[in-house]
Each structure stands twice: as structure tokens, then as C-alpha cells.
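A quick write-up on the structure given underneath.
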Amino acid sequence: DTAVSQTPKYLVTQMGNDKSIKCEQNLGHDTMYWYKQDSKKFLKIMFSYNNKELIINETVPNRFSPKSPDKAHLNLHINSLELGDSAVYFCASSQGTGGTEAFFGQGTRLTVV
Amino acid sequence: AQSVTQLDSQVPVFEEAPVELRCNYSSSVSVYLFWYVQYPNQGLQLLLKYLSGSTLVKGINGFEAEFNKSQTSFHLRKPSVHISDTAEYFCAVSDRGGADGLTFGKGTHLIIQP
């Protein structure tokens, strides 16, 4: 049983395209996140979503938008993809925030060509 | 705002030797501290966390970490490493509210040499 699952695992696409990455968690958690890991393995929070409250990292371009149809899903939509968007994107979830453990998905490696 | 510094980007160690991975943080508020491990082409897995109480925290796979408030450090240690410990290790903090998620250090690549 996969706790946090992301699809697809790999995504190769051309500049200018629009793409989505799906994330589902079966842990019953109430908070979900998207993180970006760049080519130097640096991880940075993009969004957190808790009880319909969205907190956005101010450095994230508005081409990125999270969409949550229900508490178990937080999808990531990216419009007008750019070369610099190439990275590994991780979805995570936790029960509450603060000191609770975040469970991570396996990551989606996005390559923009 | 908080930040995390992992001073070593890469640490080579011989198998069965002890290892310490360093982590320092800065924050204007009280924080929770975490160590995560990332094996090649995988997601992150929690090794251990410090919330409060005893400053020595024990985690999975024989790892432990010590919280030092005066030095704002949370160094990770293992007395004897194995080849299977080869991975990327990330130190992270979250504030007590936590709504902003985790702030990660840049990671330390632990290389175990036979």
C-alpha cells in the first residue's frame, strides 16, 4: 500500500506546454504539500494546503497552481512550461502541521526540452 | 523566517567507521527539527525528529541526533556505518505553527567506502 503516490514518475515535455502532476495520499492526513528539488538536490516548499487553506511560497511563479478536489488529492498544474522548471517535484502529506512527520511520494522527474 | 545550514556537501567514510553529519539552524521562533534520508531515485524518509524533551533523539537504522540550543545545532551521528547508508541526508526545520512546511538544508551526500 503506497502512502503517498504521484503520477507520472517521469514527464518529458516541450517548452510552452501545460502539464499536470497528480498526487494522492491514503493516510487520512489533512495537510498536503508540493516541494521542488532542483538539480543540486536543494528542496524548497512550493505550496501547503490544509483544510482548504492554501499557503503559497511567494517565490513560486503563478504559472504553478495546486488543485485539491478533496482532502486526499493535491494535483499540481503548470502552465507555459519553461526550461528552468526541470526538476523533481515531490508531493507530501502530514496530519496537522508543525512537529508532525511529513510522508513523501517517490517524486516526479520533469524534464522540459 | 528560518534557515538551515549543512556545512558538508559530501562526507566520505569507511565502512564500520563512525560518522557525524552537521546541521545548524537559525530561527526567530521555536522550531521542530528533523533529519530525512533520500536513497537514489526515491522520496524522502524520516530518520528522526526533535520536538521537545530529551535533547538526544534516537531514530531508525541506528542513527541519533543531539539538539543543542545554545549552538543552534542538530548534528546526526551513527557509531558504525554500512554500505547501505549511502544516501543524501537532509536536515530540516519547521516552526511551531508549521503551516509553511519544512525548510531544508542543502543536503549532505554520505559516501560509504568499503
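Throughout, read-outs are computed from the coordinates displayed, never taken from laboratory work. Since this is a predicted model, take the numbers as computed values, not measurements. With ideal geometry, Cβ positions are generated from the backbone for all residues, glycine too; neighbour counts draw on all protein chains shown.
This table checks each residue for (1) under 14 Å from the mean Cα position of the chain (by Cα); (2) within 24 Å of residue B:5 (Cα to Cα); (3) among the β-branched types (Val, Ile, Thr); (4) assigned to a strand (DSSP E or B).
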| site | (1), (2), (3), (4) |
| --- | --- |
| A:46 | yes, yes, no, yes |
| A:49 | yes, no, no, yes |
| A:59 | no, yes, yes, no |
| A:69 | no, no, no, no |
| A:77 | yes, no, no, yes |
| A:81 | no, no, no, no |
| A:90 | yes, yes, no, yes |
| A:100 | no, yes, yes, no |
| A:109 | yes, no, no, yes |
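How many residues does region B:41-55 contain that are more than 15 Å from residue A:92 (Cβ to Cβ) and within 11 Å of chain A (Cβ to nearest Cβ)? Step through it out loud before you land on a result.
Filtering region B:41-55 for residues more than 15 Å from residue A:92 (Cβ to Cβ) gives B:41, B:47-48, B:50-55.
From what's left, within 11 Å of chain A (Cβ to nearest Cβ): B:41, B:47-48, B:50-52.
Total meeting the criteria: 6.
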Open item on the list: I'd like to check something: does region B:1-10 contain any residue that is under 12 Å from the mean Cα position of the chain (by Cα), outside any strand (DSSP E or B) and among the aliphatic types (A, V, I, L, M)?
Closed with: yes
TODO: Could you grab the pairs with beta carbons closer than 7 Å, sequence gap of 6+ or different chains, first residue in region B:40-58 and under 18 Å from residue A:109 (Cβ atoms), second one of a type in the set (Gly, Ala, Ser)?
DONE: B:43/A:105; B:43/A:107
Open item on the list: I'm checking my understanding of the structure. Among residues of region A:80-99 that are buried (at least 18 other Cβ atoms within 10 Å of the Cβ) and polar (S, T, N, Q), which one is farthest from the other protein chains (Cβ to nearest Cβ)?
Closed with: A:93
- [ ] Scan region A:42-65 for residues that are surrounded by fewer than 16 Cβ atoms within 10 Å (Cβ to Cβ) and charged (D, E, K, R) and jot them down.
- [x] A:52, A:53, A:58, A:63
